[in-house]
Amino acid sequence: MIITITSADGENVAQLSVEGHQSIASIAEQLRQHFGIPAGQQALLLNGGPLPQTTTFAAAGVKDDDLLVVTQATGSAGPIAPIQQPAARPGMRLHDIPVRTDSPNATPELLLEIMDKNPNLLVELETNNQRLAQALKTKSIAEVRMVLLQIHMEAASRKFNEEQELLKLERNPMDAEAQAKIEEAIRLNNVQKNMEIAMEEMPEAFAKVFMLYVPCEVNGTSVKAFVDSGAQSTIMSSSCAERCGIMRLVDKRFAGQAVGVGTAKIIGRVHVAPLKIGNYFYNCSFTILDQQSVDFLFGLDMLKRHQCCIDLQKNVLRLSAASEVHEVPFLPEHTL
């Protein structure tokens, strides 16, 4: 079987072919050559726990494609302390998950346990590590182990290639092409460090942000209104206008072209129609577009008209009606 062995800091990686009946001690010389650790001071760890030198790989539970960590024992006075793993607990945040490619603590069992107790983290993980998120969805230890191994090997390969490239550049540092590559390498390193700081300090920046919707009724028909203060006008698609029964009120004299991130044809304008939000009715005008990407976009014109306030702390939309202020909660993510 093939096993992958890495140093505790992830700097060095080696793949070895071993048999199940071999003892752990039988690869001591190979480990010394790869990692520079004397045979008498080597300690192999699987899933954070030390493997006795006298036992066989099969007896220790080592399987094909397993990832082991080699460390240097500090002495023989006592047993080797296993690598401390963070305990899975509810309320964990994305930066608490040991998914860094140089982390020997990122065991499949631990990651699956964390996701079971924090299912919301799986949605966030899909944004910055979709491959690992898909493996975790299968709840297969073997699948997650394989993905972790691939991530680790890819990181080790990138590091090796970067070091080889740097050695080539150092041989002729005054070459114009070499100078450009050195400058780009420094820039990419700064970008990587910047991303790592962001992932540590504000991991929510890498999570998917759900838009703000409120439930409402237009002419008695239920619709989800997309609240968008960045849109100049309140917009409705032609198909939604048909469902709400207001296409007969479209004034085609206001036809034209809507220009924003893209362009869309304006069919016309409904000057006023009843809009019910919460328990109150409001007059609302709509620009009708010949596109179906958004049913109903509650834009800045009507937000200002009804003195609306987007309160993100309370997660509500406040509106003024009949000299009173009313609050309508934004729709939760699972209803969108």
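The values are calculated or read from the model by the stated rules, or taken from the named source; none is laboratory data. Given the structure is predicted, the values throughout are model-derived calculations rather than measurements. When we count neighbours, we look across all protein chains shown, and the Cβ atoms used for this are built from the backbone with ideal geometry, even at glycine.
Would you mind finding the one in 166, 136 that is touching a residue at least 12 places away in the same chain (Cβ under 8 Å), in a helix (DSSP H, G or I) and either farther than 22 Å from residue 12 by Cβ or not assigned by TED's automatic domain parsing to the domain that holds residue 110 (or both)? Reasoning before the result, please.
Values: 166 fails: either farther than 22 Å from residue 12 by Cβ or not assigned by TED's automatic domain parsing to the domain that holds residue 110 (or both).
Criteria check complete, one pass: 136.
Among (1) surrounded by 14 or more Cβ atoms within 10 Å (Cβ to Cβ); (2) within 13 Å of residue 71 (Cβ to Cβ), there is one condition residue 36 misses while meeting the rest; what is its number?
Result: residue 36 fails condition (1) only.
Quick check on this structure: which one of 210, 226 is of a type in the set (Phe, Trp, Tyr), outside any loop (DSSP other than H, G, I, E, B) and either touching a strand residue (DSSP E or B) at 6+ places or on another chain (Cβ under 6 Å) or closer than 24 Å to residue 264 by Cβ (or both)?
From the options 210, 226, the qualifying one is 226.
Checking the conditions here, which among 243, 248, 269 is closer than 27 Å to residue 319 by Cβ, without any contact (Cβ under 8 Å) to a residue 40 or more places away in the chain, part of a helix (DSSP H, G or I) and of a type outside the set (Phe, Trp, Tyr)? Reasoning before the result, please.
Numbers: 248 fails: closer than 27 Å to residue 319 by Cβ; 269 fails: part of a helix (DSSP H, G or I).
Exactly one of 243, 248, 269 is closer than 27 Å to residue 319 by Cβ, without any contact (Cβ under 8 Å) to a residue 40 or more places away in the chain, part of a helix (DSSP H, G or I) and of a type outside the set (Phe, Trp, Tyr), namely 243.
For (1) modelled with pLDDT under 80; (2) surrounded by 15 or more Cβ atoms within 10 Å (Cβ to Cβ), each residue gets a yes or a no:
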{"site": "106", "(1), (2)": "yes, yes"}
{"site": "111", "(1), (2)": "no, yes"}
{"site": "115", "(1), (2)": "no, yes"}
{"site": "163", "(1), (2)": "yes, no"}
{"site": "171", "(1), (2)": "yes, no"}
